[in-house]
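Structure first, then comments.
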Amino acid sequence: MSSDCIFCKIARGEIPSKKVYEDEDILAFHDINPIAPVHFMIIPKRHLANLYDADMNHQALLGKLLGKAGELARSQGLADGFRTIINTGRIGHQEVYHLHIHILGGPEPLGSMLKRK
Ligand code: 5GP
Ligand code: ZN
């Protein structure tokens, strides 16, 4: 738990969110500023800053976060594919330092992953 972490506050219900799924370990909720017609995130409830802070002790939790992705994507109407993004650190342009998996999709293909220079 981290008292000033915005996603910890969402996990504790102190900040409202548009929930997609919740169980004892993980929470999925819609992004407040979506960049695709469907854009939600899956997070662990326990604070973990990012993949740099994850190790093999987190194997089961990481598996659960990804293992739920397909089911939750389908539940939001993404029956024909979606994109997962995990931003890590400064180079990864991580804005919120609580691990989250973005799930993005919509009726149209999302285009290439990154713009080629
Ligand atoms: P990052 O850049 O760290 O991978 O993504 C953080 C995401 O969290 C952004 O897409 C941003 O829109 C979203 N976000 C930031 N604050 C809030 C919030 O209070 N509620 C929700 N639902 N999403 C948030
Ligand atoms: Zn947190």
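The values are calculated or read from the model by the stated rules, or taken from the named source; none is laboratory data. This structure is a prediction, so every number in the text was calculated from the model and none was measured. Virtual Cβ from ideal backbone geometry, glycine too; neighbours counted across all protein chains shown.
Among the residues of this structure, Ile103 counts as one that is modelled with pLDDT of 95 or more, in contact with a Phe, Trp or Tyr (Cβ under 6 Å, 6 or more places away or on another chain), hydrophobic (A, V, I, L, M, F, W, C) and closer than 26 Å to Asp55 by Cβ. Going through (1) within 20 Å of Met113 (Cα to Cα); (2) within 12 Å of the chain's Cα centre (by Cα); (3) more than 9 Å from ligand 1 (Cβ to nearest atom) one by one, Asp31 falls short only on (3).
The listed residues are Gln76, Gln59, and the only one of them that is crowded, with 17+ Cβ neighbours inside 10 Å, farther than 14 Å from Ile26 by Cβ and over 13 Å from the mean Cα position of the chain (by Cα) turns out to be Gln76. Is the range 81-96 home to any residue that is over 15 Å from the mean Cα position of the chain (by Cα), away from ligand 1 (no atom under 15 Å from the Cβ), surrounded by fewer than 17 Cβ atoms within 10 Å (Cβ to Cβ) and closer than 23 Å to Pro109 by Cα? Within the range 81-96, one or more residues are over 15 Å from the mean Cα position of the chain (by Cα), away from ligand 1 (no atom under 15 Å from the Cβ), surrounded by fewer than 17 Cβ atoms within 10 Å (Cβ to Cβ) and closer than 23 Å to Pro109 by Cα. Note on the range 28-48: among residues that are surrounded by fewer than 17 Cβ atoms within 10 Å (Cβ to Cβ) and under 29 Å from Gly106 (Cβ atoms), the one that is farthest from ligand 2 (Cβ to nearest atom) is Pro37.
Sub-7 Å Cβ pairs linking a first residue in the range 61-85 that is at negative phi to a second residue that is small (Gly, Ala, Ser), at least 6 apart or interchain, are Leu62/Ala54; Leu72/Ala28; Ala73/Gly105; Leu78/Gly105; Phe82/Ala73; Phe82/Gly105; Arg83/Gly105; Thr84/Ala69, ordered by first then second residue. Considering (1) of a type in the set (D, E, K, R); (2) in contact with a strand residue (DSSP E or B) (Cβ under 9 Å, 6 or more places away or on another chain); (3) surrounded by fewer than 13 Cβ atoms within 10 Å (Cβ to Cβ), the lone condition that Asp25 does not fulfil carries the number (3). If you check Leu110, Leu99 for being surrounded by 14 or more Cβ atoms within 10 Å (Cβ to Cβ) and either under 16 Å from the mean Cα position of the chain (by Cα) or among the basic types (Lys, Arg) (or both), only one passes: Leu99.
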